[in-house]
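The values are calculated or read from the model by the stated rules, or taken from the named source; none is laboratory data. Just so it is clear, the structure is predicted and the values come from calculations on it, not from any experiment. Backbone-built Cβ (ideal geometry, glycine too); neighbour counts: all protein chains shown. Side chains are part of the model used for accessible areas, which takes the heavy atoms of the whole protein and leaves out ligands, DNA and RNA. Shrake-Rupley method; radii C 1.70, N 1.55, O 1.52, S 1.80 Å.
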Number of protein chains: 2
Amino acid sequence: MELPEAKQKFIEAWGKLGSEWGINRTMAQVHALLLISPEAQTTEEIMLTLSISRGNANMTLRELIGWGLVEKQHKAGERKEYFFADKDTWNIARQVAKERRKRELDPVIKVLDELSRVEGDAKDPEFITFTQSVKDINKLAKNVDKTLDTMLKAEENWFWGSIFKIFK
Amino acid sequence: MELPEAKQKFIEAWGKLGSEWGINRTMAQVHALLLISPEAQTTEEIMLTLSISRGNANMTLRELIGWGLVEKQHKAGERKEYFFADKDTWNIARQVAKERRKRELDPVIKVLDELSRVEGDAKDPEFITFTQSVKDINKLAKNVDKTLDTMLKAEENWFWGSIFKIFK
DNA sequence: ATAAACTTTCAGTAATATTTGAAAGTTAAA
DNA sequence: TTTAACTTTCAAATATTACTGAAAGTTTAT
């Protein structure tokens, strides 16, 4: 396979994976493009490469910056803004984990905590099943939360090491 | 908070979380309903409780069965089919992990393996950046894959234990 | 100040995903 | 068999989400 075709495939695959995990396809594609670009890109270049509108490119880039995955770069003597992505995979994984935890896991844990305080008849099967399910899911969510915490603080090798240690 | 309101909130929260992670909201809601139902439910009951159409209920239930999260139950002397969800949270987590790995992670790893075999000029920055990114992501993906493998085989306590061991 | 270069916004449009509901299909009892 | 109970299918409708493009906004150089 040649490089241009490979780039194309990479962008497509990343976009598809993103959309399957609730991340806007275009956003994932812009991220993919920046990941494989040695130089920071202008909005113009991104629009052209991915055939998207100026508005879309602008919104997407700002969102990627919001996720902490992309940064602006200013080149001396130039008005244009350049964008580049952090290429360290472990940073990317941590950044995504961090944001999704904040945006999605935290609110769910909050609701579950509320729901685990529901009052009811301890003899009612409806009540028993409800409280049990909420309790169990709460426990799982908190384990995930704790693991993410570890991951956010950890070095890559150390983290995987702690998971695979058992195989020594 | 009273039980009926709490149930409502639980179903909503589960539906929202699902949709944020690329799982159809209704599917997550049906799952939530079955999770907190002590008795297996008929299609009719699910339709009524969630205000969804017969077609939607039927499709969703079949999909949940496809994900290994819900099973059919036949009651002696009845024509109707009843549906119930496995309530073991650890089983649910593993089942979801298993399916998503098969449907989404495996295909991506396949593409990445292909892309890491791309030929090009080892002096070209475009080529260098591309191969490096692909290589790094591939490594991360394979670590995730390996972790899921461990998780699928593991007992709940053992699994979390191996992750939290470091805190002893 | 004015203009040119560039960025941001957002109402309208398009694309995608989900849902409905009625008809067709299936199964089992009479 | 025939009928009634129940399940499945799928084309059309609806809802949701994403995208466009032109106008408005901003910044910098002259």
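With all protein chains present and a 1.4 Å probe, how do A:111, B:70 order by accessible area, largest first?
Numbers: A:111 40, B:70 5 Å².
The residues order as A:111, B:70, largest area first.
Dipole magnitude of chain B about its Cα centre, charges +1 at Lys/Arg Cβ and -1 at Asp/Glu Cβ only, in debye to the nearest 20?
Details: 27 positive and 27 negative charges, 60 e Å.
Dipole about the Cα centre, nearest 20: 280 debye.
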Between B:118, B:108, B:30, where does the largest GNM mean-square fluctuation fall for chain B, given springs only between Cα atoms within less than 10 Å?
B:118
Residue mean of other protein chain beta carbons inside 10 Å, A:109-119
4
Listing of the stretch A:1-45 residues, each with accessible area lower by at least 50 Å² in the full protein assembly than in the chain alone (probe 1.4 Å):
A:1, A:3, A:10, A:20, A:21, A:36, A:38
Tensor-based shape of the protein assembly as shown (alpha-carbon gyration tensor, a/c under 1.5 rounded, otherwise prolate or oblate):
prolate
Mind putting a number on the dipole of the protein assembly as shown about its Cα centre? Charges go on the C-beta only, +1 for Lys and Arg and -1 for Asp and Glu, and I need it in Debye to the nearest 20.
500 debye
Whenever you get a sec, compute what percent of the accessible area on the stretch A:12-168 sits on carbon and sulfur atoms (1.4 Å probe).
53 percent
Highest GNM mean-square fluctuation among A:15, A:55, A:120, for chain A with Cα springs under 10 Å, belongs to A:120
Peptide A:129-136, shielding by other chains (average Cβ, 10 Å cutoff):
5
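Sort the stretch A:89-168 into rounded, prolate or oblate with this rule: let a ≥ b ≥ c be the square roots of the eigenvalues of the Cα gyration tensor; rounded if a/c is under 1.5, and if a/c is not under 1.5, prolate when a/b is larger than b/c, oblate otherwise. List each step's numbers first, then the result.
On the way: a/c = 4.88, a/b = 2.11, b/c = 2.31.
Cα axes put the stretch A:89-168 in the oblate bin.
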Compute the distance in nm between two label points, each set 7 Å from the Cα along the Cα-to-Cβ direction, one at residue A:139 and one at residue B:48.
3.4 nm
Which value, in square angstrom to the nearest 100, describes the accessible area buried between chains B and A on both sides, using a 1.4 angstrom probe?
5400 Å²
Can you give me the span-like helices of chain B, meaning DSSP H runs with 27 Å or more of Cα extent along the axis and Kyte-Doolittle mean at or above -1.0?
B:125-153
Going by Cα centres, the stretch B:12-43 and the stretch A:14-33 are how many Å apart?
25 Å
Accessible solvent surface per residue of chain B, calculated while the other protein chains remain in place, 1.4 angstrom probe, Å²:
54 Å²
Please report, for the Cα atoms of chain B, the Rg to one decimal and the Dmax as a whole number; what are they, in angstrom?
21.3, 75
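With a cut-off of at most 14 other beta carbons within 10 Å, and DSSP calling the residue loop, which GluC sites (Glu not before Pro) in the stretch A:16-83 qualify? Please list them.
Taking the stretch A:16-83 and a limit of 14 other Cβ atoms within 10 Å, the loop GluC sites (Glu not before Pro) found are A:39, A:78.
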Taking placed amide H atoms and a strict 5 Å upper bound, the residues 5 or more places from residue B:73 or on another chain that come that close are B:82, B:83, B:84
